[in-house]
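One structure below.
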Amino acid sequence: VYVKSCSEIMKISEHEINIGISRLLRGVQPESAYVAKPKPITPEQPRLEEGDIHKVTTLDKLCKNDELELVRALLQYGTNKISIGGSDISVAQYIIGDLNSEGLSLYNETYRVIVQEYSDNINQTDFDPLKHFTQFEDGNIVSSVADIVSEKYELEKIWNETSEPQIESEYITKLLNNYKLRRIVIRIKQIDKKIAELTRESEPDHNEIFEWMKKKMALNELRSLLVNAMGRSAVQ
């Protein structure tokens, strides 16, 4: 009620005020109140395929920027409509649907929870993403969402005081393709390491090495398709 009244009096959107409240609370609440409890690993959480070639924390760091941009687009523009293949769908439907169709789950735990929570509520007609996440029970999620969304408004005040920035389907497609490309490049490097390990064995299994090489060839083909579609060099 107070937020609504303040919004009307000061002509500021309610979610901007909620973000400010979240920041103030982070300054006065004990740190323990905003530390997410560790969650047990479940089959739905991403695991390294074909053995622990890299640690998950490393994969998290390698993909963090790409995953951040996807989550930012989801939070800032998730309800916006874009045209894909002649049909109008929301940005959230496009991002979540594409990730699910590719079987991709984000490595960063916080971002993964945000995407999953968004996915679980996306079909509810009264779902308000910003309101939902700024009132979320996990303080770590609230803090992350507040930081991501507040950056949007800081940039908007510099670029344009009056209008909402437009989001194009090409931009969302580029974010998704760039993330897929990053994952493919990482996987190829993992396979290279696996092949090197097998080759160093005293009695290398040439059939197994050949199978890994076939996987690498298939990934390289996918990488070439994505690079051509994006019209730029592959990420390193």
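The values are calculated or read from the model by the stated rules, or taken from the named source; none is laboratory data. Model, not experiment: these values are computed from the prediction. As a convention, Cβ positions derive from the backbone with ideal geometry for all residues, glycine included, and neighbour counts pool all protein chains shown. Please note that ligands, DNA and RNA were not included when accessible areas were found on the heavy atoms of the full protein model with its side chains. Shrake-Rupley method; radii C 1.70, N 1.55, O 1.52, S 1.80 Å.
Some observations on this one:
- Filtered residue count, region 67-87, keeping only those that are modelled with pLDDT under 85 and under 16 Å from Pro129 (Cβ atoms): 0
- Scan of region 70-88 for residues that are of a type outside the set (Ser, Thr, Tyr), open to solvent by 60 Å² or more (accessible area, probe 1.4 Å) and either on the phi < 0 side of the Ramachandran plot or touching a residue at least 40 places away in the same chain (Cβ under 8 Å) (or both), ordered by number: Lys81, Asp88
- Residue within region 99-114 that is over 21 Å from Asn140 (Cβ atoms), of a type in the set (A, V, I, L, M) and in a loop (DSSP other than H, G, I, E, B) present: yes
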